[in-house]
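J.: Sending over a structure as structure tokens; questions will come in a sec.
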Amino acid sequence: MMVEVLTPHSSDGIDDVVIVGGGLAGLFCALKLAPRPVTVLTSAPIGEGASSAWAQGGIAAAMSPGDSAEAHVADTIAAGAGLVDEKIARVMASEASDRIHDLLAYGVPFDTDLEGHLKLSREAAHSQRRIVRVRGDMAGAAIMSALIAAVRKLPSIRVLEGFVGERLRMNGKQVSGIVAQDLRGGLTNRLLLPARAVVLSSGGVGGLYAVTTNPQQARGGGIAMAAHAGAILADLEFVQFHPTAINIGRDPAPLATEALRGEGAYLIDNAGKRFMLEIHEDAELAPRDIVARAIHAQVLSGEGAFLDCRQSVGAKFPEQFPTVYASCMSAGIDPVTDPIPVIPAEHYHMGGVHVDVRGRTSVDGLWACGETASTGAHGANRLASNSLLEAVVFATRIAQDLQGSLPSPQRHRWPDEPMPELTDLTEVDEDVVALIRKTMSDHVGVARDGPGLRKALEIFEGLNNRPLMPRLANMALVARCIAAAAFAREESRGGHMRLDFPETSEVWHHRTFLTLEDVDAIVASALLRAA
């Protein structure tokens, strides 16, 4: 195996900061660190493999005269099913306005009225209209476009496209760099980047599921690397399924944004009956986990689930929601006149690498933000449009922490060296990938039970004992960790639904914190009980 040591950007042979991931959190952190030297590793061309670019709803921020950060915190806590860290939620909500103004300064074209004031929309479980959007459903794409342009202009930021982080380099208990695979160079090409600090912002776990709204690159690599380094992981069992992915058989599944229901769209079955009215007092605006389970049950029963936008949006659909409209029309569905078939799809992971209010993990030299991290802001069920907000708030906090804790950098301009074109990516064992994704969807999905989770653990334990290439091994490891956490939590709460434990239990009124050693113990116990 060839391991190349990349020439660092500082004179002492060590990079200041390596950021793993080119989504919103990673790029925002890099910008906030300027002019400190930063290397950003990303598996796909910058922005293309990031869930952030696909976010449709927008960013939640209490910026209207009748709203407040306290009201935003209260809504976040209510949606989080009792597990939200109130201190973290308050930090996030109170810094929201500043981060929106940062994004405006970077050139994000948020929707405004004729007087230039930000237009604010409402989404599920929000008590106020506080969602800042771009052309209805294009917030993620517009934000990423603006940040990518800003990153490209800064000489202090080097972006290495086509590299997947595989493992953290350790010096005792201190992170001292990262080993990444060069996707252009075959299975044996590795890159070693020494660093004073590593920030994990490599996205979520949607690629572990057969039906997801996330890019396939989102396979939990950051969580796996942190776990191997001994980091504490948090709330892994809490996986949010977006209720209204468009059910047209695509991978990833296109999304029918929450904002459609905020504008008055409602859910119907094959016969045109609204089924949410009997399930929750807020009907279609109930928390996501409740709506997702209702749609899941409708689909399983054969009665179907459709989002009816004909009366609420109607002829305004192409202009107000161009992304959703294009996805529907490409499948022969005109949402102006036809209900949209929908199905729950893995959308967001509340769990991840445990971090504090500064974004620090339990491992020295390692920070995490975005969907890779678990701050406690979302509890057991994320409130709509809080994910992009959390990403920019804690990316900023990490940058502030690093600026205050690292020595002054030796600044040198990165040489303008051309990188090979990112074309054919390294082949992986697609059979293993398919097995992991099917197992997660079948047994660790919207609704779970003990026998199904035990079956998943048996499959993942088998993979754990096979000589898989590092990227696949990391993927199988994260799937195993999520299944183990779900097996251990014997209750239903937020994004975690156990058919054999359907009630919420006071015994489990706490967050989950696990190390890889704890996961091994859960798996061993589960498989022993099955023997």
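J.: Among Ile178, Ile157, which is the only one that is hydrophobic (A, V, I, L, M, F, W, C), over 22 Å from Ala218 (Cβ atoms) and crowded, with 22+ Cβ neighbours inside 10 Å?
T.: On the way: Ile178 fails: over 22 Å from Ala218 (Cβ atoms).
Of Ile178, Ile157, the one residue that is hydrophobic (A, V, I, L, M, F, W, C), over 22 Å from Ala218 (Cβ atoms) and crowded, with 22+ Cβ neighbours inside 10 Å is Ile157.
J.: Can you tell me which of (1) within 16 Å of Ala530 (Cβ to Cβ); (2) free of Cβ contacts under 8 Å to residues at least 60 places away in the same chain; (3) in contact with an Asp or Glu (Cβ under 7 Å, 6 or more places away or on another chain); (4) not hydroxyl-bearing (Ser, Thr, Tyr) is the one Ala486 doesn't meet?
T.: Tallying (1) within 16 Å of Ala530 (Cβ to Cβ); (2) free of Cβ contacts under 8 Å to residues at least 60 places away in the same chain; (3) in contact with an Asp or Glu (Cβ under 7 Å, 6 or more places away or on another chain); (4) not hydroxyl-bearing (Ser, Thr, Tyr), Ala486 fails exactly one: (2).
J.: So if I check each of Leu260, Leu285, Leu255, which one is touching a Lys or Arg at 6+ places or on another chain (Cβ under 7 Å), at pLDDT below 95 and of a type outside the set (D, E, K, R)? Before you say what the answer is, go through the steps one by one.
T.: On the way: Leu260 fails: touching a Lys or Arg at 6+ places or on another chain (Cβ under 7 Å); Leu255 fails: touching a Lys or Arg at 6+ places or on another chain (Cβ under 7 Å).
Result of the check over Leu260, Leu285, Leu255: Leu285.
J.: Let me ask another. Report yes if Val239 is free of Cβ contacts under 8 Å to residues at least 60 places away in the same chain and β-branched (Val, Ile, Thr), otherwise no. Working first, answer last.
T.: Details: free of Cβ contacts under 8 Å to residues at least 60 places away in the same chain: no; β-branched (Val, Ile, Thr): yes.
When the stated conditions are applied, Val239 does not pass them.
J.: On to the next question. State the number of residues belonging to segment 254-267 that are touching a strand residue (DSSP E or B) at 6+ places or on another chain (Cβ under 6 Å) and surrounded by fewer than 19 Cβ atoms within 10 Å (Cβ to Cβ).
T.: The number of residues fulfilling the criteria is 0.
J.: Can you tell me which residues in segment 332-380 are of a type in the set (Val, Ile, Thr) and more than 23 Å from Val211 (Cβ to Cβ)?
T.: Within segment 332-380, the first condition is being of a type in the set (Val, Ile, Thr), and the residues that meet it are 333, 336-337, 340, 342-343, 353, 355, 357, 361, 363, 372, 375.
Answer for segment 332-380, where residues must be of a type in the set (Val, Ile, Thr) and more than 23 Å from Val211 (Cβ to Cβ): Val336, Thr337, Val353, Val355, Val357, Thr361, Val363, Thr375.
J.: Looking only at segment 346-385, how many residues end up being at pLDDT below 95 and not aromatic (Phe, Trp, Tyr)?
T.: Of all residues in segment 346-385, those at pLDDT below 95 come to 347-348, 381-385.
Cutting the leftovers down to not aromatic (Phe, Trp, Tyr) gives us 347, 381-385.
Residues meeting the conditions: 6.
J.: May I pose another question? Please list, ordered by residue number, the strands (runs of 3 or more DSSP E) wholly in segment 287-372 having 1 or more residues that are more than 25 Å from Phe241 (Cβ to Cβ).
T.: Working: elements: 306-308, 340-349, 352-354, 366-368.
So the answer is 366-368.
J.: Let me ask something additional. From the list Leu168, Leu200, Leu208, pick out the single residue that is in contact with a Lys or Arg (Cβ under 8 Å, 6 or more places away or on another chain), modelled with pLDDT of 95 or more and crowded, with 21+ Cβ neighbours inside 10 Å. Walk me through how you get there before you give the answer.
T.: Numbers: Leu168 fails: in contact with a Lys or Arg (Cβ under 8 Å, 6 or more places away or on another chain); Leu200 fails: in contact with a Lys or Arg (Cβ under 8 Å, 6 or more places away or on another chain).
Criteria check complete, one pass: Leu208.
J.: If you don't mind, there's one more thing I want to ask. Just one of (1) more than 26 Å from Thr76 (Cβ to Cβ); (2) in the same structural domain as Asp334 (by TED's automatic domain parsing); (3) out of contact with any helix residue (DSSP H, G or I) (no Cβ under 7 Å at 6 or more places or on another chain); (4) modelled with pLDDT of 95 or more trips up Phe275, so point out which.
T.: Phe275 satisfies every listed condition except (3).
J.: Identify the residue in segment 117-141 that is hydrophobic (A, V, I, L, M, F, W, C) and at pLDDT 90 or above and, among all such residues, is nearest to Ala74 (Cα to Cα). Break it down stepwise before answering.
T.: First, the residues of segment 117-141 that are hydrophobic (A, V, I, L, M, F, W, C): 118, 120, 124-125, 131-132, 134, 138-139, 141.
Within this subset, residues satisfying the condition of being at pLDDT 90 or above are 118, 120, 131-132.
Values: Leu118: 23, Leu120: 18, Ile131: 16, Val132: 19 Å.
Looking at residues that are hydrophobic (A, V, I, L, M, F, W, C) and at pLDDT 90 or above, I get Ile131.
J.: Can you name the residue in segment 438-456 that is out of contact with any Leu (no Cβ under 8 Å at 6 or more places or on another chain) and of a type in the set (A, V, I, L, M, F, W, C) and, of all such residues, is farthest from Phe501 (Cα to Cα)? Quick ask: steps written out before the conclusion?
T.: Within segment 438-456, the subset out of contact with any Leu (no Cβ under 8 Å at 6 or more places or on another chain) is 438-439, 441-442, 445-446, 450-453, 455-456.
Narrowing the set further to residues that are of a type in the set (A, V, I, L, M, F, W, C) leaves 446, 453, 456.
Numbers: Val446: 14, Leu453: 13, Ala456: 18 Å.
Here the answer is Ala456.
J.: Keeping to segment 494-520, report how many residues are in a strand (DSSP E or B) and either buried (at least 16 other Cβ atoms within 10 Å of the Cβ) or not hydrophobic (A, V, I, L, M, F, W, C) (or both). Give the steps one after another, and end with the answer.
T.: First, the residues of segment 494-520 that are in a strand (DSSP E or B): 496, 498, 501, 513-514.
Adding the requirement that they be either buried (at least 16 other Cβ atoms within 10 Å of the Cβ) or not hydrophobic (A, V, I, L, M, F, W, C) (or both) leaves 496, 498, 501, 514.
Count: 4.
The values are calculated or read from the model by the stated rules, or taken from the named source; none is laboratory data. These numbers come from a predicted model, not from an experiment. In this analysis, Cβ positions are derived from the backbone assuming ideal geometry, glycine residues included, and neighbour counts consider all displayed protein chains.
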